[in-house]
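Notes to accompany the following structure.
The values are calculated or read from the model by the stated rules, or taken from the named source; none is laboratory data. Values in this document were obtained by computation on a predicted structure and should not be read as measured data. Surface accessibility is based on the protein's heavy atoms, side chains included, excluding ligands, DNA and RNA. Shrake-Rupley method; radii C 1.70, N 1.55, O 1.52, S 1.80 Å.
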Amino acid sequence: MTTAVIKLTASDIEIATRAAENFTRIYYTAYDSDNRLNDLPQFYRESSSLVWNGKPFQGATGVRELLEKMPVTKHEIQSLDCHPIPGTSPPSLLVSVSGSVVHGQGPSGNPTHRTPRNPEGYPRVFSQTFMLVPDPTAPATKPGELAKYYVSADAIRFVG
């Protein structure tokens, strides 16, 4: 049995990188917005899975449940890496993001008894990995236009 080799072109890589950068900018802007309870779940489908520091959540409903219990956030992205997964056109994307996040109002806006290990008030380093899948319900894209994706799988972990 032979397996067909699917080669990614430089154009595939460039388009995937643009899509990942665009997704990341829009995603974290929505995450940090006042309207995140409505906006962020739209990146997910009910079949999507999220693991937040080892705790599983299912679908857009699970994302909303997590956000309802979370204080306001402010993310600062420090690095982004994207790997297109051949096999579909456009390809699925494995996106790795790292940075820092502050939960709550920051050190000056939270009670003085907070500690740096407490998730509220102090910057915490995080790593988040997304599997983005082309959205079959999105309108068709034109050549060179970025595909529309949704989050199929998402895993976030605080580092340190």
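Odds and ends about this structure:
- Heavy-atom accessible area per residue - the stretch 24-70, 1.4 Å, Å²: 54 Å²
- At q = 0.11, 0.15, 0.16 Å⁻¹, base-10 log of I(q)/I(0) for the stretch 1-106 (Debye sum, equal scatterers on each alpha carbon): -0.43, -0.75, -0.83
- Cross-link partners of K74 among aspartates and glutamates, defined as those whose alpha carbon lies under 20 angstrom from its own and excluding same-chain residues fewer than eight positions apart: E21, D32, D34, D39, E65, E120, D154.
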